[in-house]
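Note sheet for the following structure.
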Amino acid sequence: MSELTLRRALVHRTKELTAWQLGAIGLLVLASLLNAASIAALMDARDRLAKQAVQLQQAEYTRDLALQKMSLTALPTEQEPVEAEQQADHAVDDDYTYIGECVITSYCPCEVCCGSWADGLTATGLPAEPGVVAVDPTVIPLGSTVILNDQEYTAADVGVKGLAVDICAAGHQEAAAYGVQRHDVWVIMP
């Protein structure tokens, strides 16, 4: 072979080698970018999971507190009328905070009342049953004791806005028959 042919072959091989090297560098850069994006996504998911774990712990604490309060508080039944002297004057007690006159409604854990949230549980994980009320947590914190008509309820559910309380009833007819009322509401903060 002539020297010119050898040089042409060498130049051609050098160009091929350079093209392969550039391709390998491009793949390396692309892989590095994909790895960086994957790491960022994993870190974001880890942060979201950590926040959800904190929210879950708070909800479990509120649920446990509400269960403890519910076990200590027996709601009066029709067979056990509340005596006037047993009813606390909540307006003068230092532990109570007057919220104001609120719109009071009633719901039950059925699909008609709760729609897609009709799983029988409240937002805090407690069973949706009498003794529980739904509140706006920006007005009444979850886990609070709500005093309404001299009866105590546990704020364990959400679904209302502003100065409103939604009382959980045993059944749909009872909830529908309650209608819309207005009453003064006091709260014992958790």
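The values are calculated or read from the model by the stated rules, or taken from the named source; none is laboratory data. Values in this document were obtained by computation on a predicted structure and should not be read as measured data. Glycine also receives a Cβ, built like all others from the backbone with ideal geometry; neighbour counts cover every protein chain displayed. Ligands, DNA and RNA are excluded from the accessible area calculation, which covers all protein heavy atoms including side chains. Shrake-Rupley method; radii C 1.70, N 1.55, O 1.52, S 1.80 Å.
The rows are residues; the columns are (1) more than 13 Å from His172 (Cβ to Cβ); (2) at pLDDT 90 or above.
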{"site": "Asp94", "(1), (2)": "yes, no"}
{"site": "Glu101", "(1), (2)": "yes, yes"}
{"site": "Ala118", "(1), (2)": "no, no"}
{"site": "Glu129", "(1), (2)": "yes, yes"}
{"site": "Ala134", "(1), (2)": "yes, yes"}
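For segment 104-133, how many residues are of a type in the set (S, T, N, Q) and open to solvent by less than 30 Å² (accessible area, probe 1.4 Å)? Reasoning before the result, please.
Going residue by residue through segment 104-133, those that are of a type in the set (S, T, N, Q) are 105-106, 116, 122, 124.
Now drop any that are not open to solvent by less than 30 Å² (accessible area, probe 1.4 Å), which leaves 106, 122, 124.
Of the residues in segment 104-133, 3 are of a type in the set (S, T, N, Q) and open to solvent by less than 30 Å² (accessible area, probe 1.4 Å).
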*Among the residues of segment 166-186, is there at least one that is within 14 Å of the chain's Cα centre (by Cα), modelled with pLDDT of 90 or more and of a type in the set (Val, Ile, Thr)?*
no
*Consider Thr138 carefully, then state whether it is under 23 Å from Asp64 (Cβ atoms), modelled with pLDDT of 90 or more and exposed (fewer than 13 other Cβ atoms within 10 Å of the Cβ).*
yes
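Output the residues belonging to segment 31-58 that are farther than 30 Å from Thr124 by Cβ and open to solvent by 90 Å² or more (accessible area, probe 1.4 Å). If you could, list the steps in order and put the result at the bottom.
Step one: of segment 31-58, the residues farther than 30 Å from Thr124 by Cβ are 31-42.
Within segment 31-58, Leu33, Leu34, Asn35, Ile39, Leu42 meet the criteria.
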